[in-house]
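Novice: Below is one structure. I have some questions about it.
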Ligand code: NCD
Ligand code: ZN
């Protein structure tokens, strides 16, 4: 196979940051994709419909000339989110979900929810109006090992959450473990998961053996290879519950190559191709379109994009560094050779 054409993919989880960073992040996010679910973890976070509208306008202003890429906005849930805001979001026509960050779980999550019990009425309302809950599924209990935080979240919180809100649509975001893949596979149709390129391409050995690789540090953290294999199996299975979410999360080179480096991988410069490498290696190029282009819209009840992309078999190299907001950024898999390339 020398070329493959797909319905235009969407990215169901990404970070754009704000202000002058948008000049880099927005064009990068449009590369290969029709739409993107824009995470609201700004400083301060996007907690109201009005803030989401203003952020959306700033994003649109940075879209490349002629691009129809659509930012799908998300509200950030806090202990103080009111049910009226959820209803207004559902009526807005541009908000497609609400994000649950356990307070302190990841980058810019300090205003997140401190206890699920605090947002009971909000979850009830989301279930009623059909609003999707995007879940960062990790406990923040400091006695729990960082490699176990996702699995423990399932046992301590997710099982109860699903039982308590049986028709709430939940996306278990950027899953990283066999336990998460199994949980989602055996749950009802209202439960799905996104998977990032880094969790398909790498395991924790890649990050830690022979020297620490800060550009592979993201949250939830890379796990052992059995988990990587379970995620690949889920992604290439064609199962409707698993779809593409890059979690592309830009941080400058300095802030990652630091004594206390930031979590997040900037994958947009080669996102579709990175996934293609995984599917090709698994002998499952025929399943890439489901994962990248149709499973996500089906879950969100949105139409497929009426545009397409083509990937051709052509060797190229991901840049080793890119300019970013007056500074520098190292993309995921910087300097690596890829065998598929997006046709422009
Ligand atoms: C994300 C970021 O930098 O905003 N970082 C990450 O490691 N994934 C936050 C997140 O999605 O957890
Ligand atoms: Zn993220």
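Novice: Kindly list, by first and then second residue, each pair from a residue in region 262-281 that is farther than 18 Å from residue 27 by Cα and outside any helix (DSSP H, G or I) to a residue that is at pLDDT below 95 and within 14 Å of ligand 1 (Cβ to nearest atom), limited to pairs with Cβ atoms under 8 Å and residues at least 6 apart or on different chains.
Specialist: 262/107; 263/106; 263/107; 264/107
Novice: Against the conditions (1) in contact (Cβ under 8 Å) with a residue 12 or more places away in the chain; (2) within 21 Å of residue 266 (Cα to Cα), where does residue 212 fall short? Just the number, please.
Specialist: (1)
Novice: Sort out which residues of region 206-220 are over 13 Å from residue 262 (Cβ atoms), assigned to a loop (DSSP other than H, G, I, E, B) and within 15 Å of ligand 1 (Cβ to nearest atom), and write them in order of number.
Specialist: 213, 220
Novice: Being surrounded by fewer than 22 Cβ atoms within 10 Å (Cβ to Cβ), under 17 Å from the mean Cα position of the chain (by Cα) and free of Cβ contacts under 8 Å to residues at least 60 places away in the same chain is the filter here; which residues of region 28-48 pass it?
Specialist: Once the filter is applied, which keeps residues that are surrounded by fewer than 22 Cβ atoms within 10 Å (Cβ to Cβ), under 17 Å from the mean Cα position of the chain (by Cα) and free of Cβ contacts under 8 Å to residues at least 60 places away in the same chain, region 28-48 yields only 30.
Novice: In this structure, does residue 91 turn out to be free of Cβ contacts under 8 Å to residues at least 12 places away in the same chain, more than 22 Å from residue 268 (Cβ to Cβ) and within 16 Å of ligand 2 (Cβ to nearest atom)?
Specialist: In short, no.
Novice: Test residue 258 against the criterion of being more than 21 Å from residue 71 (Cα to Cα), in a loop (DSSP other than H, G, I, E, B) and more than 16 Å from ligand 2 (Cβ to nearest atom), and give yes or no.
Specialist: Taking the combined requirement at face value, the residue satisfies it.
Novice: Also, quick follow-up: Inspect region 71-85 for any residue being in contact with a helix residue (DSSP H, G or I) (Cβ under 8 Å, 6 or more places away or on another chain), within 16 Å of ligand 2 (Cβ to nearest atom) and assigned to a loop (DSSP other than H, G, I, E, B) and give the result as yes or no.
Specialist: Within region 71-85 (the criterion being in contact with a helix residue (DSSP H, G or I) (Cβ under 8 Å, 6 or more places away or on another chain), within 16 Å of ligand 2 (Cβ to nearest atom) and assigned to a loop (DSSP other than H, G, I, E, B)), the answer is yes, since at least one residue qualifies.
Novice: Sort out which residues of region 14-51 are within 13 Å of ligand 1 (Cβ to nearest atom) and at positive phi, and write them in order of number.
Specialist: 17
The values are calculated or read from the model by the stated rules, or taken from the named source; none is laboratory data. Since this is a predicted model, take the numbers as computed values, not measurements. Here the Cβ is made from the backbone with ideal geometry for all residues, glycine too, and neighbour counts use every protein chain on show.
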